[in-house]
Amino acid sequence: MLTFLYSLLEHPLGYHLSQLVFAPGAKRLLTEQLRKTAQTLGFAGLVLDVGCGPASWLWKVGGHPVGLDLSFAYSSAFKNAGEIALTGSATALPFANSSFAGIWSIGLLHHLPKEAARQAIQEMLRVCRKGGYVAVLDAVLPTSPWQRPVAHLVRKLDRGRFMRKQTELVSLLPERTDWEINRFTYTLNGLEVLCCVWHKPMADDVN
């Protein structure tokens with residue numbers, strides 16, 4: 001049954017419907033948080049959305065990033081909306097070093113096993129220009145399943161097979177980089193996301 005439901009999510013319409021059912025209020029609450037983050041980081045220069053899905057959340061806050069997704073259906077839907085998108089893997093971004101002023105990843109890492117997730121983050125750092133930033137937002141398990149039982153159930157049913165606790169997600173970040181980390185609730189049923197932001201210094205040995 002779950003396999004059938006997950007297959008429906010590969011279609012852009014199925015993806016959007018799932019957001020309405022399993023993440024009520026996200027359109028407003030997550031957009032508000034993204035707007036605050038985007039106001040701080042800005043969209044000056046070329047911006048990339050890694051794991052963009054069929055539509056970028058950044059469109060809702062004035063961003064027009066280049067999209068990249070492993071799903072051809074998603075990247076095609078992205079392009080059909082009049083934006084630029086490529087089909088490709090987050091673990092081997094098809095861009096030269098220092099190509100983007102800003103890199104975003106929203107809801108991707110819980111679909112990747114540990115080493116692939118770490119490689120994806122390293123790739124984001126690689127294509128980030130000096131003075132630019134990387135913003136990684138991903139779902140986390142509730143601190144206590146008893147305090148947020150609905151959120152816990154939704155997370156367990158998620159097609160992303162690598163849903164993590166906050167400590168596990170933070171452990172994926174490179175040790176030699178300093179990240180700003182914030183946790184917030186973004187749906188009416190208590191789903192939470194961790195927002196991790198890294199600013200690349202003007203002089204840095206991370207390519």
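What about VAL197, is it in contact (Cβ under 8 Å) with a residue 60 or more places away in the chain, under 23 Å from TRP59 (Cβ atoms) and among the β-branched types (Val, Ile, Thr)?
Details: in contact (Cβ under 8 Å) with a residue 60 or more places away in the chain: yes; under 23 Å from TRP59 (Cβ atoms): yes; among the β-branched types (Val, Ile, Thr): yes.
Judged against the criteria, VAL197 is a match.
Among the residues that make up region 165-172, is at least one of them in contact with a strand residue (DSSP E or B) (Cβ under 9 Å, 6 or more places away or on another chain), modelled with pLDDT of 95 or more and surrounded by 18 or more Cβ atoms within 10 Å (Cβ to Cβ)? There is at least one residue in region 165-172 that is in contact with a strand residue (DSSP E or B) (Cβ under 9 Å, 6 or more places away or on another chain), modelled with pLDDT of 95 or more and surrounded by 18 or more Cβ atoms within 10 Å (Cβ to Cβ). Counting the residues of region 118-152 that are part of a helix (DSSP H, G or I) and under 19 Å from ASN182 (Cβ atoms) gives 3. Screening region 185-203 for residues that are more than 14 Å from the chain's Cα centre (by Cα) and under 16 Å from PRO24 (Cβ atoms) and picking the one that is surrounded by the fewest Cβ atoms within 10 Å (Cβ to Cβ) gives LEU188. Considered as a group, the residues in region 69-89 that are polar (S, T, N, Q) and more than 23 Å from GLY45 (Cβ to Cβ) include one that is surrounded by the most Cβ atoms within 10 Å (Cβ to Cβ), and that residue is SER71. Just one of the listed residues (VAL66, VAL61, VAL47) is touching a Lys or Arg at 6+ places or on another chain (Cβ under 6 Å) and either surrounded by 15 or more Cβ atoms within 10 Å (Cβ to Cβ) or at pLDDT below 95 (or both), namely VAL61. Cβ-Cβ distances below 6 Å connect the following pairs, each with a first residue in region 84-104 that is farther than 18 Å from ALA55 by Cβ, a second residue that is assigned to a strand (DSSP E or B) and basic (Lys, Arg), and a separation of six or more residues or different chains: SER98/ARG129; ALA101/ARG129. Of all the residues in region 93-113, those that are touching an Asp or Glu at 6+ places or on another chain (Cβ under 8 Å), of a type in the set (Phe, Trp, Tyr) and in a loop (DSSP other than H, G, I, E, B) number 0. Filtering ALA96, ALA151 for residues that are crowded, with 16+ Cβ neighbours inside 10 Å and small (Gly, Ala, Ser) leaves a single hit, ALA151.
The values are calculated or read from the model by the stated rules, or taken from the named source; none is laboratory data. All figures in this text were calculated on a predicted structure; none of them were measured in a lab. All Cβ positions, even for glycine, are placed from backbone atoms using ideal geometry, and neighbour counts span all protein chains on display.
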